[in-house]
Amino acid sequence: MKARLKEIEIQALFEIDAASTQQALEGIRAKYLSRKGVLSQLYKELGSVDEKDRPMIGQGINRLKAIFEQDIKQRVHELYGKTGLTESEVFDVTMPGVCPEIGKKHPITKTIDDICGVFSRMGFAIIEGPEIETEFNNFEALNIPLDHPSRDTFDTFYLDTENFETDPQKRRLLRSHTSPVQIRYMQNHKPPFSIAVPGTVFRPDATDASHSFMFHQIEGLVVGDGINFANLKWALFEFARQYFGELTKVRFRPHFFPFTEPSAEVDVSCIICAGQGCRVCSQSGWLEILGAGMVDPNVFNKVNIDSEKYSGFAFGMGVERIAMLKYGIDDIRLFYENDLRFLRQF
Amino acid sequence: MKISYEWLREYVNTKVSPETLANWLTMAGHEVSLIEHNKGDVVFDIEVTPNRPDCLSHIGIAREISAATGKPFKFARAKLLKAPQEKRGFRIVRENKAMCPFYTMRVIRNIKVAPSPQWIAKKISSIGLHPINNIVDATNFVLFETGHPLHAFDLDKLSGNEIIIRNARANESIVTIDDIERKLKPNMLVVADKSRPVAIAGIMGGKDSAITGATKNILLESAYFDPISIRRTSLALGLSTDSSYRFERGTDLENVVPSSNRAASLICDIAKAGIGGFLESADKAQSPAKINLRVPYLNKILGTSLKPAEIRHILARLGYRVKGVSVLEVIPPSYRSDTTREADLIEEVARIYGYDNINSVPASIITTCQDDNLKDFIAKRNAAKETLVSSGFNEVVSYSLISKDLLKDMLWTDEGFIKIKNPLSKEQEIMRPSLLPGIIKASAYNTSRQVYDIKLFELSNIYFKEAKEYREEPYLALALYAKANTLNQKGILEQGFFRLKGVILNLAKTLGVKNLKLEKITSNLLDEDRSIAVLSGSVMLGLMGRLKDNITAVFGITGSLFVAEIDFRQLVLSAHPERYYKPLPRFPYAYRDVSFAIGVLVEYKEIEALIKRVGGNLVEEIELLSEYRGKQIEAGKRSLAIRVIFRSKDKTLTEEEIGSADAAIRSGIEKTFNAVLR
C-alpha cells in the first residue's frame, strides 16, 4: 500500500507538471481528488489495511490530497500568471467605464432626507401634514392675529371657496409655513413628544433668483416637562454640527415670531468661508438659517396643553435656502425648472 | 429703517465704533443688515421686528443701546410751550372715540416757509429723505427722532372751526398729497373739517390742505389712532406710509404731547413763527397693568439660574418699574405696549442678559414614533423613489400651482380643479389636478435644451374638489422620452413603451402590489391601442402609454413621450411587501427555444398562457427573446422567438421529459394559433 501511494504520487505529480491547459488540470483534479477519484478509492480500501499500519497510510493519503491540491494551484499560477500581454490581448484601459444608468432624487428631497435623518437619529418622529389648511391652523392657533403687521411676512394664497367673504370658517388657504402641522399634532397627541415636519409651503412672492411662490420648510417641535431655552440651544447646536460639520459655530440672535417667546434667529458660521467673511455671508461670517424659540403660552392654550405643566421649543428652516448654501446654487428657480443637467449633479 | 450713527449719539453717549454698535444691536434683536459710510456719518439699516414700534426712531434705538450697555440715555421731552389764548374758537370733535382715543392740535401762526437750516437738512438727508421745506422737514425730523407721526395742515385752507375725527361717509373721496384720488369706505377713519375730509387719519393728508410755499398759518396734529383701524385702511387702500407703518404697530400714548411740543418749538424757531393755542381731546388714560413675573418660572423656561436682583436690574434698564423678590411686580413703560404677559418679560430678560450667556444643555428628547399609517406611507414612498432612481429615473419637483391654459393644452375637460382666490399671475391660477402637465413641461424644457435622455418621475400631491371638500392626494407620474415618433421606427417606440411598463412592473414588485393587472384602455391623452390601465385586482391604480402626437406637439416636443400616472395612495393600500423565503432549486434547468410566425392580433399574453397550460409545472419561466415584423415575413403576421425554461424540484429532467414537453408546446402553438413554426 505504501508503495502504491508513492507510485500514485509520482504519477500525479508528473501529470500535473505535464498539464498545459486549465481543462487538463481540471481532468487531473477529477481523476485524483473527486468523489470517485483515486484518493477516494484509497480511503475506501483503508479498511483492508493492517490495523497497525492504518493511521500511517491514512495520513499518507491525506498528505497526497494536500500536495495535489497545492500543486494544481501552483501549476495554474505557472500557466496563467505570466507577465506581459501580446498586442492583440491588450486593451485601452483609459477608455470610459460603462456606468449603470441610475437616476437621482431631487436636491430638495435629498436635503430634506439628510436633515430629517439628523433629527430622526436624535429621536424625533418625522411627521407630515396637509398643504391645504384652515385660517385657524395657519394663523390664529399660532398667535398670528388677523389685523397685526406680523401677518405681513405670512402673505398667503387663498382657495376660491364659496362665499369667501361671508364664511371665514370654510375658507381654505395654502399653508404659508409648516407650523400648522404642530397645531394638528398637538391637538391629537399628549406631551411629551419630539417631531420634525418637512413640507411644501406657499407664499405669493414674485419669482426671482431668491424668491419662489412655492418652497419647502422643515419644522421641529419638542414639548415636555421642563424643556427650556438651554435645551433649544443644545438641539440646534447638535443639528448644525451634524449637518454642516463638526467645526460649525452657532449664534442665537433675539428676534420676533408670533408663535414663540422668547424667539431667536439662528445663524451658523458661514460654510463657504468658515466664518472669515465672504460674498455669500455679506462679509459677516454668519449665515441665517433658522428661526426658533420657546412655544408661546398662547399657542399651548389654543390646543389645550397646560402651559404651566409643559413647555416646549420649536424651530423652522427653509430647505431651498440650506440646499442653495450647501451646494452653492445661486438661483432658486433652478429647483423647479427640472433641467436634467442640473438634477443629475446631486 | 435707517438710523444715523451721529444722530444717535446725541441721545446716548457711546464711543464704540459703528461696527461694534451694529453688532450689539444685532445681538439685542435689532438686526443691522447694512452699514453705510456716508459723508463722515455712518448709517445703519436696521430690521425692526413688528412687535417693536418703539424702536422705529432714533430715541428708540438709543434707549435700546442704553439698556444694552448701561450708558445713560439723554433725551429731555419738550415742555409745553407758553401760548397766548387762541383767537379762533377751535374745537376737536372725536365722533369715533374707539379709533381715536387721543387727539391734539396746535396752532402756529405767521410762519415763513423756507428751506430748512443746514443741521435739519443734514439729518433728514442722512437717513435718505429729501429735505422739502422747514415745516415738512420739522415734522419728519420729529418723526424720526421720537417715532411719533405728526401732520401739518394749512390752517387757512380749513373751513369752520371744528376738527372732526369721524368715519368716512358713503361715496366720499379725497385727493391725497401724492395727487391720487382715494375712494373712501365708511369703515375708514378720516380727519375732516366742516365740509370735507382733510386727511386719511394716520395715513396721509389731503392735497388741498397741505403746506405750500404760500402757507402762513398751520395746524399741527398729533394723535393716537387705533392700530387695527389704521392697518385695515392702509391695506384696503394699498397705501403704506411712514406714518401708517408706526400707527398700525402701535404708538406711545405718552409721546403724543411731547412730540407735538418738540415740533412746535422747532417750527417756531426755524420758521420764525409765533406759537398759537393748543387743544387736546382724550379718553381717560388707563394706568398700565401690572405683570407678575415669577423668578423660578423664568429660570425654568430659560434654563438659567438668574437671581431676582439681576432680573430687576435688567428690567429697570429697559424702563420697567419693578417691585418684589421671588414674584416680581412689573409695570412696563408706556412705549412698551408689546409686553403684556409674563412670557413677554421673560423674553426681555433673556434678550438683554444675552442669548449667548445661556448655556446649551442636552434635552431629555422624548423618542417619538410615527403614527402607523404615516410610517407605512413614508416607508413605501421612500421604497418607490429608491426603485425609480435605481431604474435610471430622475426625480422632478414641479409647481403645484399651474395655469388653466396648461390644462387646456392637455384637452383636460374636468372642471373639478381648485382655483386660487388671489393668484399672482395667470401662471399660478389653479392647483394642479394631475402631475402630467408638470412632467410634460419638464420634458419639453429638456428637449428644447438638447437634453434627450429623459427619464423623469414626480411623487407629489395633486389637488381636486370632491363633494365640496378640498382634497390633496399623492400621485406618481413617470415620463420617458424617445426621439423617434414615426411608426417606421416602431422598435424605438416599443422600447419606450416596454421600458416604462417594465419600470412599473418592477415598482409593483418592490412594493408587493397584490393581484397586479395591466389591461388595455382608451384615453383621450394616450395613443389608442397603445395605452394600458394598471390595476390591483379590480382597483384602478393608474394608466400609462404614449402621449398622443397632438399633445406632445402642443408642448413643443418632437418625438415620443411615454407617460404614466398612478394614484400613489391606492398603490400604497394595495401593497403588501411582506416576503417569505422559497427554497432554492436543487436541480439544474434546461431550456428550449421556439420560433414561429403568428397573426399580429394574437396577443403574447395568450401565447404565454398556452405554454404554461401545456408545459405544466415543468415550465419554470417563459422569456420573450425577440419579435420581428417586416419584409421577411407575410403581411399581417409577426415572428416571435420564445425561450421556455424547464425545471423540476424533485430531480434532474431527462432529455425525453424535456423533449416531450417542448413538443407539446410547439404543437399547441401551431394548432391553437395557426402559427407556422420555424
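Where a number appears in this text, it was derived from the coordinates with a stated rule and is not lab data. Bear in mind the structure is a predicted one, so any value in this text is a computation, not a measurement. Quick reminder, even Gly has a Cβ in these numbers, built from the backbone with ideal geometry, and neighbours come from all protein chains shown.
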Quick check: from the Cα gyration tensor, does region A:151-228 come out rounded (a/c under 1.5), prolate or oblate? oblate
With DSSP loop assignment and no more than 14 other C-beta atoms within 10 Å, the chymotrypsin sites (Phe, Trp or Tyr not before Pro) in region A:25-91 are A:Phe91
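Counting only other chains, what is the mean number of Cβ atoms within 10 angstrom of the Cβ of each residue in peptide B:47-59?
Numbers: counts 2, 1, 9, 8, 9, 1, 1, 0, 0, 0, 0, 0, 0.
Counting Cβ atoms of other protein chains within 10 Å of each residue's Cβ and averaging gives 2.
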Along each principal axis of its Cα atoms, how long is region A:66-112 end to end? Whole angstroms, biggest number first, please. 61, 36, 13
Could you give the semi-axes, largest first, of the ellipsoid that matches chain A, computed as the square roots of 5 times the alpha carbon gyration tensor eigenvalues and rounded to whole Å? 74, 27, 21
Per-residue HN-Hα couplings for region A:207-215, Karplus 6.51 cos²θ - 1.76 cosθ + 1.60 at θ = phi - 60°, whole Hz, x for Gly and Pro? 6, 8, 4, 10, 10, 9, 6, 10, 8
In degrees rounded to 10, the 0-90 angle between helix B:372-390 Cα long axis and the longest Cα principal axis of chain B is 70 degrees
What are the residues whose amide H is under 5 Å from the amide H of B:Gly276, where those residues sit 5 or more places off or on another chain and H is modelled from the backbone? B:Val107, B:Ile108, B:Arg109
Answer check: region A:2-80, Cα atoms, Kirkwood Rh, Rg/Rh ratio of 1.02
In deg cm²/dmol, rounded to 500, what helix-only [θ] at 222 nm does chain A give when every DSSP H run of at least 4 residues adds -39500 (n - 2.57) and the total is split over its residues? -11500 deg cm²/dmol
Amide H to amide H, which residues 5 or more places from B:Arg182 or on other chains are under 5 Å from it, using H placed in the peptide plane? B:Ile174, B:Val175, B:Thr176
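When the convex hull of the Cα atoms of region B:119-248 is projected onto a plane and the area is averaged over all directions, what value comes out in nm²? Show your work: numbers first, answer last.
Values: hull surface 30.9 nm².
Quarter of the Cα hull surface area: 7.7 nm².
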Please determine, in degrees from 0 to 90 and to the nearest 10, the orientation of helix B:436-447 with respect to the longest principal axis defined by the Cα atoms of chain B, where the helix direction is its Cα long axis. 80 degrees
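Grab the DSSP H runs of chain B that are 4 residues or longer, score each as -39,500 (n - 2.57), total them, divide by all residues and round the 222 nm result to the nearest 500 deg cm²/dmol.
Working: 19 runs with 213 residues, N = 678.
The helix-only estimate for chain B comes to -9500 deg cm²/dmol at 222 nm.
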Using only alpha-carbon positions, what ratio does the radius of gyration of chain B give when scaled by 2.2 N^0.38 Å? 1.53
Enumerate the calculated ³J(HN,Hα) couplings along region A:161-167 in order (Karplus 6.51 cos²θ - 1.76 cosθ + 1.60, θ = phi - 60°), each rounded to whole Hz, writing x wherever the residue is Gly or Pro. 7, 5, 6, 3, 5, 9, 10
Equivalent ellipsoid, region B:372-574 (semi-axes from 5 times Cα gyration tensor eigenvalues, Å): 24, 23, 16
In degrees, nearest ten, helix B:308-317 long axis to first principal axis of chain B (Cα): 70 degrees
Quick one: 3J(HN,Hα) in Hz for region B:517-527, Karplus 6.51/-1.76/1.60 with θ = phi - 60°, rounded, Gly and Pro as x. 9, 10, 10, 4, 8, 10, 8, 6, 8, 10, 3
With bins 20 Å wide starting at 0, give me the P(r) of the protein assembly as shown over every alpha carbon pair, in whole percents. 10, 29, 27, 17, 10, 5, 1, 0
By count of other Cβ within 10 Å, fewest leading, how are B:Met204, A:Met294, B:Met1, A:Met95 ordered? A:Met95, B:Met1, B:Met204, A:Met294
TM-like helix rule applied to chain A (DSSP H, alpha carbon span at least 27 Å on the long axis, mean Kyte-Doolittle at least -1.0) gives A:54-80
Can you compute the radius of gyration and Dmax for region B:367-490, using only the Cα atoms, both in Å? 17.1, 61
Check which residues have an amide H placed less than 5 Å from A:Cys281's amide H, if you skip close sequence neighbours. none
